[in-house]
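Laboratory data are not the source of any read-out in this text; all were calculated from the coordinates shown. As the structure is a computational prediction, the values presented were derived from the model and not from experiment. Methodologically, a virtual Cβ is constructed for each residue, glycine included, from the backbone with ideal geometry; neighbour enumeration extends over all protein chains shown.
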Amino acid sequence: MLEQITDHGQLLALILSHRFQAEGIHFFTPNELSQQLAYMKYPAGKVIPAHVHNPVPRDVLFTQEVLFIKQGKLRVDFYSDQQQYLESRLLEAGDVILLITGGHGFEVIEALEMIEVKQGPYVGEQDKTRFQGIQGHQARLGPLP
């Protein structure tokens, strides 16, 4: 229900299936990541104490993105830092992916509605290096059902 995509020990992405369920709070990311991914399931009446977040200096070198698939199907293609194709996964409604390192590309398989969350501010083309990805027929789909 939680899949780690790695390349030679480097964590590229975490995929949280819409099928995942567990009581309480579950963090899936190591503390050093600049984006944290957690799942929470509580009964009615649970109180999460009010709070504010304190100013804490953080150094963010690379953009990490979280995609929430609301509707449709999306193929995600994973690449090494050297832009070499590794493998692909098919995400569907309710799935969540945290893209951490390496490269990635996408193809919409069924009409898609998704939400993206990432660090800002966005600095346009300075924020990314584009490269030629694979064609759909070259995709090697991995384990997620």
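Observations, loosely collected:
- Taking trypsin sites (Lys or Arg not before Pro) in DSSP loop conformation with at most 15 other Cβ atoms inside 10 Å as exposed sites, the chain has its longest uninterrupted site-free stretch at 59-127.
- Relative contact order of region 1-50, pairs being alpha-carbon contacts under 8 Å that are 6 or more residues apart, as %: 25 percent
- Length gained on full extension, Gln4 to Gln82: 26.1 nm, using 0.36 nm per residue less the C-alpha separation.
- Applying both filters, DSSP loop and at most 12 other Cβ atoms within 10 Å, to the GluC sites (Glu not before Pro) of region 24-127 gives Glu32.
- Calculated Rg and Dmax of region 31-145 using C-alpha coordinates, Å: 16.8, 51
- Whole-number percent relative contact order across the chain, with pairs defined as alpha carbons under 8 Å at least 6 apart: 25 percent
- For the chain, the longest piece that avoids every one of the chymotrypsin sites (Phe, Trp or Tyr not before Pro) found in DSSP loops with at most 14 other C-beta atoms within 10 Å covers 1-61.
- Simple rule: put +1 on each Lys or Arg Cβ and -1 on each Asp or Glu Cβ in the chain, find the dipole, and look at Gly9, Gln21, Leu99; the Cα lying farthest toward the positive end is Gln21.
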